[in-house]
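**Student:** Quick one: the structure is below, questions incoming.
The values are calculated or read from the model by the stated rules, or taken from the named source; none is laboratory data. Keep in mind the model is a prediction, meaning the values are calculated, not measured. When we count neighbours, we look across all protein chains shown, and the Cβ atoms used for this are built from the backbone with ideal geometry, even at glycine. These accessible areas exclude ligands, DNA and RNA; they are computed on the full protein's heavy atoms, side chains included. Shrake-Rupley method; radii C 1.70, N 1.55, O 1.52, S 1.80 Å.
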Amino acid sequence: MQAAHLANHKENYSDIAYSFVVCPHGHVFEGRGLHKLQAANGDHQLNLHHYSVCGMVGDSGLTHPTNAQLAGIRDAIDLLRAKGGAGTEIKGHRDGFATECPGEPLETWVKKGAPRPGASSGGISVSLSHVVTAARTDPGAAQGHTTFPADVRPVEAALVAEGLLDPAFGDDGSFGSRTVDAYAAFQRRQGFTGANADGIPGQSTLTALGSRHGFTVAA
């Protein structure tokens, strides 16, 4: 994405256009970062007065953001507010510029106030959402699906109990990079390797972790 932006001689970008970019695993990548003019909004005034956080979804392939990704976007927003001087407003790209971006699923989430995934009314049931991926040995509830916990706090607590996750990050409700790395270590303990130990929960390892630490997996 950065290479494509830098190759755009019409726009003459100095760097990737976005302030931050968030992948489906929930990793937040720094683009132009804090206190820098970004170039993603297609309008100079919008660029002057807004940061931009790109959720890496498209109009084909991965079209719906994962819960981990939404949590990562919230992490970026919280950072922009805490250290970047950002205000309370959260808008989709289309709310200020004539575009289909960011697509209906993300726009719907923004219109709801961009709530952080994992907010729970009680109990310790872990629900699953599904994102079509390549087939995995540690699959989700259907063939070729990967499962993401909607409430990751029971998973984080279990990973802390397993000695795989720093207790300081054990109940923050965000399936961020530390949780991904800890879950990958648990997958390796279960005998998975390579792409099947990528830190994204599959049905079999999530069920195994739940059975050891007292939470259930609800489809």
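**Student:** Looking for something in a loop (DSSP other than H, G, I, E, B), exposed (fewer than 12 other Cβ atoms within 10 Å of the Cβ) and modelled with pLDDT of 85 or more - is there at least one such residue anywhere in the stretch 93-111? Before you say what the answer is, go through the steps one by one.
**Tutor:** If we filter the stretch 93-111 for residues that are in a loop (DSSP other than H, G, I, E, B), which is where we start, we get 96-103.
Now drop any that are not exposed (fewer than 12 other Cβ atoms within 10 Å of the Cβ), which leaves 98, 100.
The next check asks that each one be modelled with pLDDT of 85 or more; those that pass are none.
Within the stretch 93-111, not a single residue is in a loop (DSSP other than H, G, I, E, B), exposed (fewer than 12 other Cβ atoms within 10 Å of the Cβ) and modelled with pLDDT of 85 or more.
**Student:** Give the stretch 18-56 a look and list any residue that's open to solvent by 40 Å² or more (accessible area, probe 1.4 Å), farther than 14 Å from A86 by Cβ and assigned to a strand (DSSP E or B), or say none.
**Tutor:** V28, F29, E30 - these are the residues of the stretch 18-56 that are open to solvent by 40 Å² or more (accessible area, probe 1.4 Å), farther than 14 Å from A86 by Cβ and assigned to a strand (DSSP E or B).
**Student:** Scan L48, L80 and give me the residue that is free of Cβ contacts under 8 Å to residues at least 12 places away in the same chain and out of contact with any Gly (no Cβ under 8 Å at 6 or more places or on another chain). Before the answer, list the steps.
**Tutor:** Details: L80 fails: free of Cβ contacts under 8 Å to residues at least 12 places away in the same chain.
After ruling out the rest, the residue left standing is L48.
**Student:** Given the criterion farther than 25 Å from I200 by Cβ and surrounded by fewer than 21 Cβ atoms within 10 Å (Cβ to Cβ), identify the matching residue among D15, D78, D59. Before you say what the answer is, go through the steps one by one.
**Tutor:** Numbers: D78 fails: farther than 25 Å from I200 by Cβ; D59 fails: farther than 25 Å from I200 by Cβ.
None of the other options fit; the residue is D15.
**Student:** Any residue that is more than 24 Å from V152 (Cα to Cα), assigned to a helix (DSSP H, G or I), at pLDDT 85 or above and among the charged types (D, E, K, R) - is there at least one of those in the stretch 64-82?
**Tutor:** Step one: of the stretch 64-82, the residues more than 24 Å from V152 (Cα to Cα) are none.
No: the stretch 64-82 contains no residue that is more than 24 Å from V152 (Cα to Cα), assigned to a helix (DSSP H, G or I), at pLDDT 85 or above and among the charged types (D, E, K, R).
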